[in-house]
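Visitor: My structure is below; once you've seen it, I'll send some questions.
The values are calculated or read from the model by the stated rules, or taken from the named source; none is laboratory data. All values reported here derive from a predicted model rather than from experimental measurement. FYI the Cβ positions are ideal-geometry reconstructions off the backbone, even for glycines, and counts take in every protein chain you see.
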């Protein structure tokens, strides 16, 4: 299996599990069949890849003003759109979509962290302080933790 296909399938599986958890936890989010759940998670992934960046750009002032919390509203709107597009998947209210989007984000974050399938945005490295090394050059020579962003 090619690496891009494997990565796609891992992300789709992660997204499907996250949508499944949201459907079982949040009243107002339901699916009729497993195929409906799979299609809904696929459509949600496609919308997140194509439409979400545009919505974030258009709502950038609101995202900045709310310190990023408006992205939860965007997630809810996309989940509601999936409920309209995929017939065996139902999202009854905005609040169900809001809490469902939050659950999907958290479950995806946890699964991506444990499986390593998510994009790394921050890496933490720790270096041994130079004062403990035999080639110590003095203070201010890069000793201490390094954060790569």
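Visitor: Residue check: is residue 49 within 19 Å of residue 112 (Cβ to Cβ), assigned by TED's automatic domain parsing to the domain that holds residue 106 and modelled with pLDDT under 95?
Guide: So residue 49 passes the test.
The rows are residues; the columns are (1) modelled with pLDDT of 95 or more; (2) surrounded by fewer than 17 Cβ atoms within 10 Å (Cβ to Cβ); (3) more than 18 Å from the chain's Cα centre (by Cα).
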residue	(1), (2), (3)
92	yes, yes, yes
106	yes, yes, no
118	no, yes, no
124	no, yes, yes
130	no, no, yes
135	no, yes, yes
146	no, yes, yes
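Visitor: Taking the stretch 54-71 only, how many residues are surrounded by 11 or more Cβ atoms within 10 Å (Cβ to Cβ) and either in contact with a strand residue (DSSP E or B) (Cβ under 9 Å, 6 or more places away or on another chain) or assigned to a helix (DSSP H, G or I) (or both)?
Guide: Result for the stretch 54-71: 9.
Visitor: Let me ask another. Condition (residue is in contact (Cβ under 8 Å) with a residue 40 or more places away in the chain and surrounded by fewer than 18 Cβ atoms within 10 Å (Cβ to Cβ)) applied to the stretch 74-87: is it met by at least one residue?
Guide: Yes, some residue in the stretch 74-87 is in contact (Cβ under 8 Å) with a residue 40 or more places away in the chain and surrounded by fewer than 18 Cβ atoms within 10 Å (Cβ to Cβ).
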